[in-house]
Amino acid sequence: MKLLTLLLCLVALQVQAQEGPPAAQVNGVAISQMRLERYFIDYLQAQGRALTSIRNPSVYKRLREQALNDLIDKELLWQEAQRQGIKISDSEVDAQIDQLRQALGTGKSFEQRLADAGFDSNSFADYTRHELAAQQVFMQASQVPEPDTAEVRAFYLANANSFQQAQNQSATTSVEDEQGLELAKRLLIDQQQSQARHALLQRLRDAGQVQRLD
């Protein structure tokens, strides 16, 4: 998940926590209903859906819960970044905002988007700093040890049919085996990184005091 994409999706969600009744509390920090409502719209847009297209109440409820879970995880990651003492420099913040400004086009368009979302330049810089710190915690969980040859081969053999279909059928057997093992290694690392990130979030959820009030 690239941070620029995340910021583009979330740029309209930031409002003060005291705006409206809370949808959830994360270790005493409120996530307001207003913040959830704004994020929910962006969450649906990121999935190619529109709020008005959802007719089934159970589907609406499920998607809204997923959006709230995203916001809860983001808050947990930011709080963990604070506990770890992670610091994001001004130059890192400025570079990230410059990337976002370029992605949104003209300077006027960028400033208008910030104003529509309730930001000024200083508050958006703080928000960006929080996002970068939270993302750093998340990505640190992806630093898993490289699997050894035995692990890779075991993973390859357990998924042999899938790997064989993905290989070039015109290659020799030895080349196919080499390609399969390389593919297996990449997929195994991806799987382990995903599991590590999930484990981090689960640990933070279990250790935190989360109240869903929505």
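The values are calculated or read from the model by the stated rules, or taken from the named source; none is laboratory data. If you're wondering where the values come from, they're calculated on a predicted model, not measured in any experiment. Backbone-built Cβ (ideal geometry, glycine too); neighbour counts: all protein chains shown.
Suppose we keep only residues that are farther than 30 Å from residue 28 by Cα and among the small types (Gly, Ala, Ser) within the stretch 160-210. Which one would you say is modelled with the highest pLDDT?
Once the filter is applied, the top-ranked residue is 184.
What's the number of the only condition in (1) of a type in the set (A, V, I, L, M); (2) at pLDDT 90 or above; (3) in the same structural domain as residue 34 (by TED's automatic domain parsing) that residue 115 fails to meet?
(2)
Pull out all pairs, ordered by first then second residue, where Cβ-Cβ is under 7 Å, the residues are six or more apart or on different chains, the first lies in the stretch 135-156 and is in the same structural domain as residue 196 (by TED's automatic domain parsing), and the second is aromatic (Phe, Trp, Tyr).
So the pair list comes out as 156/163.
Any idea how many residues of the stretch 52-85 are of a type in the set (Gly, Ala, Ser), exposed (fewer than 12 other Cβ atoms within 10 Å of the Cβ) and either touching a Ser or Thr at 6+ places or on another chain (Cβ under 8 Å) or closer than 15 Å to residue 136 by Cβ (or both)? Before the answer, list the steps.
From the stretch 52-85, those of a type in the set (Gly, Ala, Ser) are 53, 58, 67, 81, 85; that's our starting set.
Those left that are additionally exposed (fewer than 12 other Cβ atoms within 10 Å of the Cβ): 53, 58, 85.
Cutting the leftovers down to either touching a Ser or Thr at 6+ places or on another chain (Cβ under 8 Å) or closer than 15 Å to residue 136 by Cβ (or both) gives us 85.
So the count comes out to 1.
From the list 131, 75, 151, pick out the single residue that is within 30 Å of residue 177 (Cα to Cα) and part of a helix (DSSP H, G or I).
Values: 131 fails: within 30 Å of residue 177 (Cα to Cα); 75 fails: within 30 Å of residue 177 (Cα to Cα).
None of the others qualify; the one that does is 151.
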